[in-house]
Ligand code: DI6
Ligand code: FE
């Protein structure tokens, strides 16, 4: 047997292994790890003796183990916040009044342009630490607040840097087609020609792009404009994702599916044909209840249609300063259940296996299976539903990334007061 083996015993496993039923539960189980990989998953009684002989073992005390949580849709890298704008909205201010007061997405763009890469990293680290403290082991991070070639690259480089500063997997998504900046107002086509497509090429050449995303909406980019971006992504062999049907039904889900997108996200206004097309193309529905809650949307994503068609569903925070200032995947699961009517099993799969699928990384992460990365969490709970049930309580006991437990490293968690 290669390498030193470490075994976690006396645990209950939520494996999410698709070859097992439901959550893939195994009680009184053992998880064995060698190096960065899982080498055995099963009931204690089945543990091969060569493991027990030479392995170092951790007694989990009957705790539960899940795969490491995966936040598959975030705008974690940003600068400044929009609390003032939030307060104005509470007081009844209109969109125009907020825009006139310098608020809205343009204010986030202004802050990101003014920040250095190091400042973006420093400002975003507390948000990342909040996610890690609740068991996140992989996070997707988008650009989209730079909206110049250099500033989009700066955001993606900052995202990669976060992954070097903390034990976490980071996947980067190029979101040049997020908004039209003031200097291109009314000239979407020119913005795509002069910034979005050249930015995609430059960021990709720098090795900073794992996927390409866009905001397909009346207030952002049309389906025809998104096709231009997706055609360019396809020409460079990059997978795509789409912010689709969030505020209106533009057939965004079907558009994403027609490009074999990894995911289509938001989807409050998605129709039956869109749900069916996504199921057929294996495009994951990434649901973002934090944004739904924060903007007080009333139209729910069509969860019943996704179930009926067999469309995979994931859940993510959409952490962003404008519509979802949320850094808790545990609360996101609770919202998926209470606001969208998802089951406990759907919520747990949504932040593990289905989130991995939405990132195109299911072969590596997202379930507890032999051969996958040893990214997992120990929870001080008595039953799986507790992870979805509580609001604002964190039962995480330990987080293991690549076989190494946070309890065995001096993990520098930035002071919560630092968050901006
Ligand atoms: N959908 C949203 O809700 C946000 N972006 C997106 O694509 C809004 C981002 C912001 O207001 O900063
Ligand atoms: Fe988003």
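Counting only helices (runs of 4 or more DSSP H) that fall entirely inside the stretch 158-235 and contain at least 2 residues that are touching a helix residue (DSSP H, G or I) at 6+ places or on another chain (Cβ under 6 Å) and within 20 Å of residue 106 (Cα to Cα), the qualifying elements are 188-191.
Matching residues to (1) within 16 Å of ligand 2 (Cβ to nearest atom); (2) in contact with a strand residue (DSSP E or B) (Cβ under 6 Å, 6 or more places away or on another chain); (3) within 19 Å of residue 360 (Cβ to Cβ):
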site	(1), (2), (3)
229	yes, yes, yes
287	yes, yes, yes
295	yes, no, no
320	yes, no, no
332	yes, yes, no
345	no, no, no
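Does the stretch 61-117 hold any residues that are assigned to a loop (DSSP other than H, G, I, E, B), more than 14 Å from ligand 1 (Cβ to nearest atom) and closer than 30 Å to residue 404 by Cα, and which are they? If the condition is that a residue be assigned to a loop (DSSP other than H, G, I, E, B), more than 14 Å from ligand 1 (Cβ to nearest atom) and closer than 30 Å to residue 404 by Cα, then 61, 62, 63, 68, 72 are the ones that fit. All conditions in (1) buried (at least 18 other Cβ atoms within 10 Å of the Cβ); (2) within 16 Å of ligand 2 (Cβ to nearest atom) hold for residue 168, with the sole exception of (2). Determine whether residue 294 is over 22 Å from residue 359 (Cβ atoms) and within 14 Å of ligand 1 (Cβ to nearest atom). Considered against the rule, which asks whether it is over 22 Å from residue 359 (Cβ atoms) and within 14 Å of ligand 1 (Cβ to nearest atom), residue 294 comes out as yes.
In the stretch 266-285, the residue that is surrounded by the most Cβ atoms within 10 Å (Cβ to Cβ) out of those that are at positive phi and within 16 Å of ligand 2 (Cβ to nearest atom) is 267. Scanning the stretch 271-282 for residues that are closer than 22 Å to residue 70 by Cβ and either modelled with pLDDT under 95 or in a loop (DSSP other than H, G, I, E, B) (or both) yields a count of 1. Here residue 226 meets each of (1) farther than 25 Å from residue 70 by Cα; (2) surrounded by 19 or more Cβ atoms within 10 Å (Cβ to Cβ); (3) away from ligand 1 (no atom under 13 Å from the Cβ) with one exception, condition (3). If we scan the stretch 256-263, do we find a residue that is within 16 Å of ligand 1 (Cβ to nearest atom), more than 29 Å from residue 90 (Cβ to Cβ), assigned to a helix (DSSP H, G or I) and in contact with a strand residue (DSSP E or B) (Cβ under 9 Å, 6 or more places away or on another chain)? Yes: the stretch 256-263 contains one or more residues that are within 16 Å of ligand 1 (Cβ to nearest atom), more than 29 Å from residue 90 (Cβ to Cβ), assigned to a helix (DSSP H, G or I) and in contact with a strand residue (DSSP E or B) (Cβ under 9 Å, 6 or more places away or on another chain).
Tallying residues that are within 15 Å of ligand 1 (Cβ to nearest atom), within 19 Å of the chain's Cα centre (by Cα) and in a loop (DSSP other than H, G, I, E, B) within the stretch 133-152 yields 3.
Going by the conditions given, is residue 245 within 20 Å of the chain's Cα centre (by Cα), within 13 Å of ligand 1 (Cβ to nearest atom), at pLDDT 95 or above and more than 18 Å from residue 145 (Cα to Cα)? For residue 245, the condition - within 20 Å of the chain's Cα centre (by Cα), within 13 Å of ligand 1 (Cβ to nearest atom), at pLDDT 95 or above and more than 18 Å from residue 145 (Cα to Cα) - is met. Restricting attention to the stretch 335-376, the residues that are farther than 22 Å from residue 35 by Cβ and part of a helix (DSSP H, G or I) total 18.
Okay, residues lined up against (1) closer than 19 Å to residue 67 by Cβ; (2) touching a helix residue (DSSP H, G or I) at 6+ places or on another chain (Cβ under 7 Å):
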{"position": "254", "(1), (2)": "no, yes"}
{"position": "264", "(1), (2)": "no, yes"}
{"position": "284", "(1), (2)": "yes, yes"}
{"position": "298", "(1), (2)": "no, no"}
{"position": "310", "(1), (2)": "no, yes"}
{"position": "332", "(1), (2)": "yes, yes"}
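Total residues in the stretch 304-318 satisfying the condition of being out of contact with any strand residue (DSSP E or B) (no Cβ under 7 Å at 6 or more places or on another chain) and either within 20 Å of residue 388 (Cα to Cα) or within 11 Å of ligand 2 (Cβ to nearest atom) (or both): the figure is 2. In the stretch 394-409, the count of residues that are assigned to a helix (DSSP H, G or I), buried (at least 22 other Cβ atoms within 10 Å of the Cβ) and either modelled with pLDDT of 95 or more or over 18 Å from the mean Cα position of the chain (by Cα) (or both) is zero. A search for C-beta distances below 9 Å between a residue of the stretch 291-305 that is more than 14 Å from residue 269 (Cα to Cα) and any residue that is part of a helix (DSSP H, G or I) and away from ligand 2 (no atom under 16 Å from the Cβ), counting only pairs 6+ apart in sequence or on different chains, returns 293/339; 294/86.
Just to be sure I understand, how many residues within the stretch 314-334 are part of a strand (DSSP E or B) and either within 12 Å of ligand 1 (Cβ to nearest atom) or surrounded by fewer than 23 Cβ atoms within 10 Å (Cβ to Cβ) (or both)? So the answer is 2.
Residues that are assigned to a helix (DSSP H, G or I) and either more than 16 Å from ligand 2 (Cβ to nearest atom) or surrounded by fewer than 18 Cβ atoms within 10 Å (Cβ to Cβ) (or both) within the stretch 236-255 comprise 254, 255, listed in sequence order. Scan the stretch 62-111 for residues that are in contact with a strand residue (DSSP E or B) (Cβ under 7 Å, 6 or more places away or on another chain) and within 16 Å of ligand 2 (Cβ to nearest atom) and the total you get is 9.
The values are calculated or read from the model by the stated rules, or taken from the named source; none is laboratory data. Remember, predicted model here, so these are calculated numbers, not experimental data. Positions of Cβ are generated from backbone atoms using ideal geometry, with glycine treated the same way; all protein chains shown enter the neighbour counts.
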